[in-house]
Each structure stands twice: as C-alpha cells, then as structure tokens.
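*Asks:* One structure, pasted below without further comment.
Every number here is computed from the coordinates shown, using simple stated rules; none is lab data. Predicted model, so just to flag it, every value in this text is computed and none were measured. Using ideal geometry, Cβ is built from the backbone for each residue, glycine included, and neighbour counts are taken over all protein chains shown.
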Amino acid sequence: MQQILIMAISCAFGTILLSMLIGNLLYKRKSRKRQAAAEDKAALIIKEAEITSETIKKDKILEAKENILKMKGEFEEEANRKKNQIIANEQKIKQREQQINKELESLKRKEADTVEMQQNLALQLDNVKKRKEELDKFNQQKVQVLESISKLTADEAKEQLMASLKEEAQAKANSMIKDILEQAKLSATKDAKKIVVETIQRTATEHAIENCVSVFNIESDDIKGKIIGREGRNIRALEAATGVEIIVDDTPEAIIISGFDPVRREIARLSLHRLVQDGRIHPARIEEIVAKTTKNIEDEITETGERTVIDLGIHGLHPELVRMVGRMRFRSSYGQNLLMHSREVANLCAIMASELGLNVKQAKRAGLLHDIGKVWPEELEKPHAIVGMELAQKYKEHPVVCNAIGAHHDEIEMNSILSPIVQACDAISGARPGARREVMEQYIKRLRDLEQLAMNFDGVEKCYAIQAGRELRVIVDAENVTDERAGQLSFEISQKIERDMQYPGQIKVTVIREMRSVAYAK
C-alpha cells in the first residue's frame, strides 16, 4: 500500500514538473511572438517616420525656394524703384543745374548793365554838380542884388518871411482843423448814432440794484429771540457758518444781513428762512442748514450760468466759465448787476457786429465774458480785464475773444475790430441813465476835479459841471481868448480829461466866449 502511495505521489510530482516545463515552453514561444510583432511594428513606425520626414523635408525645401524667389523679386523691385528714383533725382539735378546756369547768365548780364548804369550815373552826377555850382553862384548874385534893394540881410528876410508864414499857416491850420472836425463829426456821429441808437432800442434791459445789506422779514418779533439763542449762541453760530453779520435791532419785523459778498448774504437769508420755517434753531441745525443751502446756491449758480449761455445761444463754453457766469448774478458794479450788465453787453455786441458784418458768435462770447475777471475767487493784484483774459486763455477761448476781454479797459493793445466794439458796448451799458450808482462823496469829488482841471488852463474864468457830470461848460475871457483859441481850448481840455480822469460814458466840453459892451446913460 505504501509503495502504491509513493508511486502515486511520484507520478503526481512528475506530472507537475512536466506541466511546468510545457508552460515554460509555451510562455517563451508566446514572448518570442510578441517580441517579433513589436519589432515588426517598430520597423513599420520607423519606416513611416522616414517617409514623413522625407515629405516634410521636401515641403520645407519647396517653401524655402518659394521664399527665396519672393525675396529675390522684392529685392529686384526695390532695386528697380531706387534705380528709378536715382534717375529721377539725376534729372532734377540736371534741370536745376540748367536753371542755375541760366540764372548765372542773367545775373552776369544784369551785373554788366549795372556797371554801365553806374558809369552813366557818375557822369550825370558830375553834370549835376557842375550845374549846382553854377546855380549857387547865380543865387548868391541874386541874394546880393535883393539885399542891396531891400536893405535886409538874407537871415533877416528869412525870419520875417517865416514869422509871416507861421501866422498864416497857424490860422489856416486852425481853420482846416475846425472844418475837418466838423466834417468828421457830421459823418462819424451820424453813423455812430444810428448804430448805437438802433442797438439800444433793440435791447431789452432789466435793472437790478443791489447793496451790501439784505433785509430778512419775519412775522413777529418773538422769532428774534430764537434766532439770537441763549447768550447769543445761535446768532454767533450763524455768523460763523455764513461769514456775514446778522443785525438784530429794534427794526420791527425785520433782521438785517450785512456783508460785502452777495453770495454769502443770499446763503444767510435762505438759511434763516429755512430755520424759521422749521422752528428748530440750534448750532448743530444751523450748520446743517447752511451746508445744504450752500450746496443749493452752488447748484443754482451753475444752473444760472447754463441758462444764460443757452439764452444767448453760446455753445462750447468751458464748465468753469459757465459757473463763473452764474456767479455774476450775485455781483454788482456801481450798483449795476454784473450778470445783467454782461448779458446786455453781449446783446449790444451781437447787434453791432451784425450791423458791421462781423462774427456775431464771437462778439456775444466776448461781451458775456468781458467782466469775468471780477468773479474770480482768488485775490490777484491785476486789473480784472487782465485776469479775465488769462482765464479765457486758460480755458481755450479764441484769441480774438481773449484780446477783446483784456483790452476793453485799454490795459493791452487792441489787435482786432471786436475789441473796440466790446469797449464801446461796455461804455453804453454802464453810461445809460439809471444803470449805475456812485457813492455821493466820490461823485462830488469827481465833479470838483473836473471843474478844477479846466480852471488850470489860461484864459478860463469859470467852469460848471452840469448834467450829472456829463457836460462841462467853460467860460473864457473874451479879450484874451480868440475864437480859434476857444476851439483849440475845448479840444485840449477834452484830451486832458481823457488822460487824467476816470469816468463812465462821455463828457461834453463846451467853451463859451462872450463879448459884452456896456454903456451907461446919465
């Protein structure tokens, strides 16, 4: 039994060994097949890669050949172009050389002609000198004969003749000046009056007089206590926030707001109105209301400027200039509202420019902006006309408009016809009756200076400034002043007034020479 078991185990073990040998042989055979298949595949890939690389190589070679041909064509084209250009330049140079040769020949001919002319002139000068010497000798002989006849030397005769001619020439000159002035007045005054009168008639004017004081009306005097507050804290807070002076006195149902800046006064007035309506009056509320009112006023200033430029038909104005135009509403000059004055000047300039065939749009811009320097917030030591011109230049306005702004008070030279138009329209707007006011002391001083200026002239006996300083009547001594001298005197006085005095509008100078013969019957 044991032998059978051993044999069976031996057989099983042998079978296992045989199976392992057979499996190993099969695995090796399969591996060889896989290796052969991989080698075939690799050979195929290599062959395909070689074919692809050969194709790419051929394509690159063809592409390179095409690029070379293209570059060769471009090079040849560029070379031909430069060659043609060189040929053209050579032709131009040849033509220029020919032209220069012709000019040289012409210059040589002219030089020869000039030399010949110089020779002729030299001969003529010699002849002239000889004839002049002969004339001098002849004149000397004539002078000697005349001196022997008149018993006067040549110098004495000259002095008498010059004195006689001087008096005659002065009389004729005065007469001619008088005639020329009268003729100029007849023609110039006629045309100027026509344009100015038509301009004024076609302009509708609004009048606004503003002071340095605004009055705030209240319903009852009980509100004054609320506005003053405990120990005056409310009124102090309001004055500090607005920069004006609040005067609460015995005036019934009224509070006075005093300040030189109209914008601040308007902010204070509107803030008081809102505080009184609200009823809550204390420092914190005052600061809040003043801040809101200030913002509203700034918005109103911008809106006013925009509405003004739209009404006048002005386009493309810089926003900062528009805002300054709006600020003109709260500024006055000699009691005349600056915005109304500027609008009036703009309309006057437009009408005059239209009558004279000039650019109406530029005239309107210059008229509106001519006083823009007065509302510039920074204090500058320059005339407002120069400040306005610099602002217009800063915001890219036309040079003609800038010059008209800067020259309307003669601070700079006028270089366009628009400048005197703006100056004339500014004078028209400011000089019309009721447009402006002056402080009484300044007004009286101006009239006294006007009379004193005329009294400094020789022959003047009395002077009277009448028509609110628009006319100066000068009475002269009839015995010492002739009619011709009276005409000269009126001109000289008017010129001195223009040089030495500042005044709105124009002043008429009337010189009166009166002869009186008095006799007594006894």
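*Asks:* Check the straight Cα-Cα distances from Lys158 and name the lysines below 23 Å, setting aside those fewer than 8 residues away within the same chain.
*Replies:* Hits, sequence-local ones excluded: Lys132, Lys137, Lys142, Lys166, Lys172.
*Asks:* Okay, next question. Give me the net charge of Ala392's neighbourhood, meaning all other residues with Cβ under 15 Å from the Cβ of Ala392; Lys, Arg count +1, Asp, Glu -1.
*Replies:* Taking every other residue near Ala392 into account, the sum is +3.
*Asks:* With the cut-off at 1.5 for a/c, could you classify segment 53-101 from its C-alpha gyration tensor as rounded, prolate or oblate?
*Replies:* Prolate.
*Asks:* Kindly state, to the nearest 0.05, the FRET efficiency for Ala291 paired with Glu451, given R0 = 60 Å and r defined as their beta-carbon distance.
*Replies:* Computed FRET efficiency for Ala291 and Glu451 comes out at 0.65.
*Asks:* Sort 10-19, 417-426, 317-326 for me by packing, meaning the mean count of neighbouring Cβ atoms within 10 Å per residue, highest on top.
*Replies:* Top to bottom by mean Cβ count within 10 Å: 417-426, 317-326, 10-19.
*Asks:* Between Arg274 and Lys47, what is the spin-label point distance in nm, taking each point 7 Å from the Cα along the Cα→C-beta axis?
*Replies:* Label at Arg274, label at Lys47, 9.8 nm between them.
*Asks:* For Lys30, go through the lysines and keep the ones whose alpha-carbon is under 18 Å away, minus same-chain ones fewer than eight residues off.
*Replies:* Straight-distance partners of Lys30: Lys41.
*Asks:* Return the lysines within reach of Lys102: Cα separation strictly under 29 angstrom, same-chain partners fewer than 8 residues apart disregarded; answer none if there are no such residues.
*Replies:* Lys83, Lys92, Lys94, Lys110
*Asks:* Please sort 450-458, 286-294, 358-366 by packing, taking for each peptide the average over its residues of neighbouring beta carbons within 10 angstrom, highest first.
*Replies:* Peptide ranking by packing, descending: 358-366, 286-294, 450-458.
*Asks:* Would you mind listing how long segment 1-78 runs along its three principal axes, going by Cα atoms, in whole Å with the largest first?
*Replies:* Result, largest extent first: 113, 12, 5 Å.
*Asks:* So how far, in whole Å, is the C-alpha centre of segment 65-120 from the one of segment 314-349?
*Replies:* 63
*Asks:* Which pairs break 19 Å Cα to Cα here: Lys295/Lys382; Lys361/Lys396; Lys364/Lys508?
*Replies:* Over 19 Å apart, Cα to Cα: Lys295/Lys382; Lys364/Lys508.
*Asks:* Quick one: if you stick a label point 7 Å off each Cα along the C-beta vector at Asp483 and Ser10, how many nm between them?
*Replies:* 18.4
*Asks:* If you don't mind, another one. Apply 1/(1 + (r/R0)^6) to the Cβ-Cβ distance of Ser354 and Ala79, taking R0 = 60 Å, and write down the FRET efficiency to the nearest 0.05.
*Replies:* In this case the efficiency is close to 0.35.
*Asks:* If you take the square roots of the eigenvalues of the alpha-carbon gyration tensor of segment 300-357 and sort them as a ≥ b ≥ c, do you get rounded (a/c under 1.5), prolate (a/b over b/c) or oblate?
*Replies:* It comes out oblate by the Cα gyration axes.
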